[in-house]
Amino acid sequence: MHNKKILATVCLLVLCTTQANAKDTTKKHLLTYKFKMGEVMRYRVHHATDIRTTIEETTQQAESTSESIKAWKVTDVLPSGEMQFVHLVETVRMTNTVPNRGTTRFDSEADKTPPLGFEQAARAVGVPLSVIRIKPSGEIVHREEKHPQPASSNDMPITLRLPSKAIAIGEQWDATYDVDAQRKSKAKLKVRTRRVCTLKNVQAGIATIAVEYQILTPVSAYIESQLVQKLTKGTVRFDIDAGRTVSQKFDADRRVIGFSGKASSMHYVSRLEERLLKPGERLAQK
């Protein structure tokens, strides 16, 4: 009799757990940005790339790393729900290693004069880079560049586009883009791409979103080599109640064969990590 009671209790626990899991997968979650007037969000950003190319039996490798703190300063919240913020980089450390030039480093907090090649990066520290207005879904409705910088690309937005309606775990949403590329003849080409997002789970109010960038248009190796840095896979963790990203990590590891002749190859590896900082938190000491 005692064993039967234990077995019944175990079965009840399994049934309750199964029902709870089933409930979690059918529950709908609304993901929206919720910024407050005057607040400042700071993120630690770590970005590393390693590019190895071989052309006509000559191999070259270029590496770069950067560690920075970016800030979003919220300047307006409209009745429509749209939010406006100023984007800037408060501090940065960078290292570049390129063929025939060795390794150079720049620390915005320690170097009064930036090394050759880091002048543009130095001028962009501590000044407003852009003013951006977004919808609660993350869609950019207005962007004003305040400081000279590389042109922004619609397919690489500063905020992740969220679904327009509540979704359940396992559901997907995506956004398509036409990006510019160039043939060997120098003729321009539009390449259709998309970013696919999947809500993987929700735990303690944090939504985990898997994100993958894909090329939809059949392309040659020459075209693919121009887009290889976009082909990332990663995970975004989004705080549903606070309405903001708390961390994200994206990786790319792509080999392109024959992009510049039959014997040519490119191996592109990158990692981008961001983490929302606590008040007063700074970059770690070197």
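The values are calculated or read from the model by the stated rules, or taken from the named source; none is laboratory data. This structure is a prediction, so every number in the text was calculated from the model and none was measured. Please note: Cβ atoms are built from the backbone with ideal geometry, for glycine as well, and neighbour counts cover all protein chains shown.
Things worth noting here:
- Against the list (1) at pLDDT below 90; (2) out of contact with any strand residue (DSSP E or B) (no Cβ under 6 Å at 6 or more places or on another chain), the condition A110 fails is (1).
One line per residue, one yes/no per condition, for (1) out of contact with any Cys (no Cβ under 8 Å at 6 or more places or on another chain); (2) more than 22 Å from L277 (Cβ to Cβ); (3) crowded, with 18+ Cβ neighbours inside 10 Å:
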{"position": "T49", "(1), (2), (3)": "yes, yes, no"}
{"position": "S68", "(1), (2), (3)": "yes, no, yes"}
{"position": "T75", "(1), (2), (3)": "yes, no, no"}
{"position": "S80", "(1), (2), (3)": "yes, yes, no"}
{"position": "Q84", "(1), (2), (3)": "yes, no, yes"}
{"position": "T103", "(1), (2), (3)": "yes, yes, no"}
{"position": "F106", "(1), (2), (3)": "yes, no, yes"}
{"position": "E109", "(1), (2), (3)": "yes, no, no"}
{"position": "L116", "(1), (2), (3)": "yes, yes, no"}
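- Restricting attention to region 74-127, the residues that are in contact with a Phe, Trp or Tyr (Cβ under 9 Å, 6 or more places away or on another chain) and hydrophobic (A, V, I, L, M, F, W, C) total 12.
- Of all residues in region 250-286 being of a type in the set (D, E, K, R) and surrounded by fewer than 17 Cβ atoms within 10 Å (Cβ to Cβ), the one that is farthest from V196 (Cα to Cα): K286
- Any hit, region 212-220, residues being modelled with pLDDT of 95 or more and of a type in the set (D, E, K, R): yes
- Checking each residue in region 90-135 for being under 16 Å from V45 (Cα atoms) and β-branched (V, I, T) picks out T91, V92, T95, V125.
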